[in-house]
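Below you'll find the structure, written out as structure tokens, and then a few comments.
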Amino acid sequence: MLVPANDRECTEWFGYRRDAASADVAAVRDRIADAARDGDWETLFRELDRSSYQNWVNSMRLDGHRGFAPLHQAAWHGAPAGIVNGLLSRGAWRMLRTTRGERPVDIATARGHSHLVDLLGPVARHPLTAEVVVALERRLHPLLAEVSMGLTERRRMRLPQVEVLTEIPEGRLWFPVPGMYGGADIRLEAAENALIVESWCRIVDGSGRRHRITPDDTVLLEEGFV
């Protein structure tokens, strides 16, 4: 789903759980997860192509433990290349990892689905080393807990994966936090091995904070906007 962030648009990271979803949203998410699990590609694409849900191609089961999105399930099933291309054309992320750290290509390889390995090979538009990815993520997640006043931890939210930012063309994610009335706009500056994180609560004037994260430090650049 594309959502506004400071009058711009960026791709949303789906981190909330079932207790933060409406009944209608939960029902659609369940249908997407069930269809992908069952290899029911016709139903999956029908749900994904509903106008309000076009970018849920990277959504995971709301209370799932493995963290499989549709592309992981396609890799597991050894789906035809046309199905995988259909998911990729809808914005599926090759870099997205499950809770066990598996990318779709890792699952396809382990399952012996060799016809999918090249197709699912990671594509980093904004390359970072593995060490930088880990270092940035270790600083990003505590910062999100801080700016959300602990909501990300209390709600057991799935937190954004920095590696995904290297794949997204614009290198940006919007991370909404239920109960915060806002969230965080996360932007990758790959040439500088850095993230810019803008967070705010839309019902509190002057709540905006802008941080810069590098592997070595987290610095507050500005506060008091929005």
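The values are calculated or read from the model by the stated rules, or taken from the named source; none is laboratory data. Computed from a prediction, not measured in an experiment: that's the story for all the values here. Note: ideal-geometry Cβ built from the backbone for every residue, glycine included; neighbour counts use all protein chains shown. Quick note on the areas: whole protein, heavy atoms, side chains included, nothing else; ligands and nucleic acids left out. Shrake-Rupley method; radii C 1.70, N 1.55, O 1.52, S 1.80 Å.
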The chain, Gaussian network, Cα under 10 Å: of Ala79, Ala33, Ala130, the residue fluctuating most is Ala130
Over segment 81-226, with neighbouring protein chains present, the accessible area per residue in Å² at probe 1.4 Å is 47 Å²
Whole-Å distance linking the alpha carbon centroid of segment 200-218 with that of segment 183-198 is 11 Å
Measuring from the longest principal axis of the C-alpha atoms of the chain, the long axis of helix 23-38 (C-alpha) lies at a number of degrees, nearest 10, equal to 40 degrees
Given backbone amide H placed at 1.01 Å from N, residues whose amide H is under 5 Å from that of Ala194, ignoring those fewer than 5 places away on the same chain, are Glu189
With a 1.4 angstrom probe the carbon and sulfur portion of accessible area for segment 140-226, in percent, totals 49 percent
Going residue by residue through segment 127-134, the Karplus relation 6.51 cos²θ - 1.76 cosθ + 1.60 with θ = phi - 60° gives ³J(HN,Hα) values, rounded to whole Hz and with x marking Gly or Pro, of x, 9, 6, 4, 5, 5, 4, 4
Dividing the helical contributions, -39500 (n - 2.57) per DSSP H run of n ≥ 4, by the residues of the chain yields a 222 nm value, nearest 500 deg cm²/dmol, of -9500 deg cm²/dmol
With Ala79 itself left out, Lys, Arg at +1 and Asp, Glu at -1 over residues whose Cβ is under 13 Å from its Cβ give -1
Percent of all alpha-carbon pairs of segment 84-195 at distances over 22 Å, whole number, is 39 percent
Under Stokes-Einstein, segment 24-166 at 4 °C and 1.567 mPa s, with its Kirkwood radius over C-alpha pairs, diffuses with a coefficient in µm²/s of 81 µm²/s
Compactness check, segment 131-226: C-alpha Rg relative to the 2.2 N^0.38 Å globular estimate gives 1.01
